[in-house]
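Comments concern the structure below.
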Amino acid sequence: MPGIDGDAYVVTPEQIEAFERDGYVHLPNVLTEDEMREVEEPAMRFIRGEVVPEGKDLCDMSGATDRTPDEYTVFNAMLPRRYMPSMRGNIFERRTASIATQLQRGKNMAIDYDQLLAKRPSTSDSIFAWHQDMAYWPPLEEDPSTCTCWIAIDDSTVENGCMRFLPGSGMEKELRAHAPVKLKGGDRADDESSHALCTTLTAEDETRVRLVPIKRGDITVHDERVVHGSGPNGSDGWRRAYVLAYRTKDVVDEERRLGFTHSHNDAYNWDAFHAWQEKAASA
Ligand SMILES: O=C(O)CCC(=O)C(=O)O
């Protein structure tokens, strides 16, 4: 039977095909209401400022650089499991481990990083710009296959800025060009301070965009190349989500050898991006 099976979650062949074809898939009811506490309670400790990630691991992914955490419109805590180790091994990890293995057809997948993303209510710039995840990461030798499991802590709706995807965009031969998100007022932030990258959609792309509203406890899973992002939160509640990304064990090991942990404080982080950008520019 598809769905929850103890610590596992059984994915259907159709869901695996959708993931491979579109670059993302929506899986309903991955955590029950009771199980959601294991994700929501730690998330609230970050949002309330009781656990504070170091340096740039607490940032605003809207692209703004001049705000304090209580003003961030896309409140982003990188690596919650590093800063609150009691989160490790929770039910979301156990279930998504089984999902990642199935979607990647038995590959050896390991947790690469996690992230908490909370959009402040009624904020017009709480936009997560269009991007491909690989644009944020260094190009490596090993198999880059990824399952980024994004769980809705609140019902995620068109109004509050649900995920949106450009299906099939990950099949394109090259990564699209990305640039740092522009700050308000038209000044381009340097990548070091802005944290956020964006790519531009064509008019034809726009006709193919899929908005993916999901319920609390549902997840979307996306790969490393699909173009995706999310719109602003125009509702009067938060849009909270927790992300756990699995990549092949080989690529995670390669990243760590290079000192790349997905912390925004890594010395290698933006060097890798520059190398990628230069490669794209000279292609
Ligand atoms: O939470 C969002 O709106 C965007 C998240 C995202 O882009 C990601 O997890 O790769």
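The values are calculated or read from the model by the stated rules, or taken from the named source; none is laboratory data. Owing to the predicted nature of the structure, the values given are computational and were not obtained by experimental measurement. For neighbour counting, all protein chains shown are included, and Cβ atoms are generated from backbone atoms with ideal geometry for every residue, glycine included. All accessible areas refer to the heavy atoms of the entire protein, side chains included, with ligands and DNA or RNA removed. Shrake-Rupley method; radii C 1.70, N 1.55, O 1.52, S 1.80 Å.
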- request: Could you please state how large a percent of the accessible area of the stretch 1-145 is carbon and sulfur, counting protein chains only and using a 1.4 Å probe?
  value: 50
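With +1 assigned to the C-beta of every Lys and Arg and -1 to the C-beta of every Asp and Glu, and no other charges, what is the dipole magnitude of the stretch 1-119 about the Cα centre in debye, to the nearest 20?
On the way: 14 positive and 22 negative charges, 63 e Å.
Dipole size: approximately 300 debye.
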field: Extreme residue, positive dipole direction of the chain, given options ASN76, HIS26, LEU244 (C-beta unit charges)
entry: HIS26
field: Cβ-derived FRET efficiency at R0 22 Å, VAL158 paired with THR202, nearest 0.05
entry: 0.50
- request: Give the long-range amide H neighbours of VAL10: residues separated by 5 or more places, or on another chain, with amide H under 5 Å away, using H modelled in the peptide plane at 1.01 Å from N.
  value: GLY3, ILE4, ASP5
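For a protection proxy built on the mean count of beta-carbon atoms within 10 angstrom, sort 74-80, 91-97 highest first, please.
On the way: 74-80: 24.4, 91-97: 20.0.
By packing density, highest mean first, the sequence is 74-80, 91-97.
Return a whole-number percent for the relative contact order of the chain, with Cα pairs under 8 Å and 6 or more residues apart as the contact set. Intermediate results must be reported in sequence, preceding the final value.
Details: 622 pairs, mean separation 83.2, N = 283.
Once divided by the residue count of the chain, the mean separation gives 29 percent.
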- line: Here the relative contact order (percent) of the stretch 60-132, from C-alpha pairs under 8 Å and at least 6 apart, is 44
field: In sequence order, calculated HN-Hα J values of the stretch 140-152 (Karplus, 6.51, -1.76, 1.60; Hz; x Gly/Pro)
entry: 10, 7, 7, 4, x, 3, 9, 10, 9, 9, 10, 9, 7
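According to the Kirkwood expression over distinct Cα-Cα pairs, how big is the hydrodynamic radius of the stretch 1-121, in Å?
Final number for the Kirkwood radius of the stretch 1-121 is 16.1 Å.
Mind ranking 24-31, 226-233, 206-213 by how tightly packed they are, going by the mean number of other C-beta atoms within 10 angstrom, highest first?
On the way: 24-31: 21.0, 226-233: 23.6, 206-213: 13.6.
By packing density, highest mean first, the sequence is 226-233, 24-31, 206-213.
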- request: Might you tell me the accessible area per residue for the chain, computed with a 1.4 Å probe and given in Å²?
  value: 43
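Regarding the chain, what is the average projected area of its C-alpha convex hull, in nm²?
On the way: hull surface 57.0 nm².
Reported value for the Cα convex hull: 14.2 nm².
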task: Work out, step by step, the length gained on full extension between ASP66 and GLU35: first 0.36 nm times the residue separation, then minus their alpha carbon distance; give nm to one decimal.
output: 7.5 nm
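Can you tell me the length gained on complete extension of the stretch LYS173 to ALA110, counting 0.36 nm per residue apart and subtracting the Cα distance? Display every interim value, and only then the final one.
Numbers: separation 63, 0.36 × 63 = 22.68 nm, distance 2.58 nm.
Additional length available on full extension: 20.1 nm.
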